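Heads up, the thing below is written out as structure tokens.
The values are calculated or read from the model by the stated rules, or taken from the named source; none is laboratory data. Treat the numbers as computed from the prediction; the structure is a model and nothing was measured. Note: ideal-geometry Cβ built from the backbone for every residue, glycine included; neighbour counts use all protein chains shown.
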Amino acid sequence: MADNGRGTATRVDEQGQTAKKPIMSTKDLRFFDFPDAQLLPDGHPRRGMSVVAALSDWLVHTNRRHEGSWTQRYEHGVPVTDLIPIAEDGTTGTTVLFHPQEDLRTAAQPSASTLKRWAGSWPQLSTETLDRRIG
């Protein structure tokens with residue numbers, strides 16, 4: 001997943017320590033346990049990125065802002081690295097790479113018609129699926 005937005009809110013404190021909004025490891029209170037949470041195209045309520053992180057073997061969050069760029073790795077929703085500064089490339093936005101847990105990867109796959117319906121609900125979203133199964 002990637003976007004070209006402003007990047008996740010990140011601040012440098014008085015001691016020079018970098019901290020970002022903990023969206024990957026805490027519930028997004030705008031959606032979690034909120035009865036009017038936006039429904040996703042599959043009919044489930046929106047919950048936030050922390051759910052993706054928790055259900056992934058690993059997740060890498062790269063954050064590019066005008067004030068700097070960083071990356072951080074999570075395993076099963078828990079940060080396993082600090083924010084690691086990376087070279088700026090003149091862009092802003094957020095990129096998230098993740099590897100879903102095995103039981104999620106082997107669950108029933110959505111049909112082509114379901115994927116097409118979801119794509120119609122989010123015209124600004126593009127996806128690429130790489131099937132790397134052997135056999």
Condition set hydroxyl-bearing (S, T, Y) and outside any loop (DSSP other than H, G, I, E, B), scope segment 7-28, selection nearest to R47 (Cα to Cα): answer is T10
So, in segment 3-18, of the ones that are more than 12 Å from H66 (Cα to Cα) and surrounded by 12 or more Cβ atoms within 10 Å (Cβ to Cβ), which residue ends up farthest from the chain's Cα centre (by Cα)? T18
Taking G16, is it under 23 Å from G90 (Cβ atoms) and out of contact with any helix residue (DSSP H, G or I) (no Cβ under 8 Å at 6 or more places or on another chain)? no
Would you mention how many residues in segment 65-81 are assigned to a loop (DSSP other than H, G, I, E, B) and modelled with pLDDT of 90 or more? 2
For segment 83-135: of the residues being among the charged types (D, E, K, R) and surrounded by 12 or more Cβ atoms within 10 Å (Cβ to Cβ), which is modelled with the lowest pLDDT? R117
Out of contact with any strand residue (DSSP E or B) (no Cβ under 8 Å at 6 or more places or on another chain) and of a type outside the set (A, V, I, L, M, F, W, C): is that true of S50 in this structure? yes
Can you list residue pairs whose Cβ atoms sit under 6 Å apart, with the first residue in segment 29-48 being exposed (fewer than 11 other Cβ atoms within 10 Å of the Cβ) and among the hydroxyl-bearing types (S, T, Y) and the second being outside any loop (DSSP other than H, G, I, E, B) and at pLDDT 75 or above? Count only pairs 6 or more apart in sequence or on different chains. none
Quick check: anything in segment 42-49 out of contact with any His (no Cβ under 8 Å at 6 or more places or on another chain) and assigned to a strand (DSSP E or B)? yes
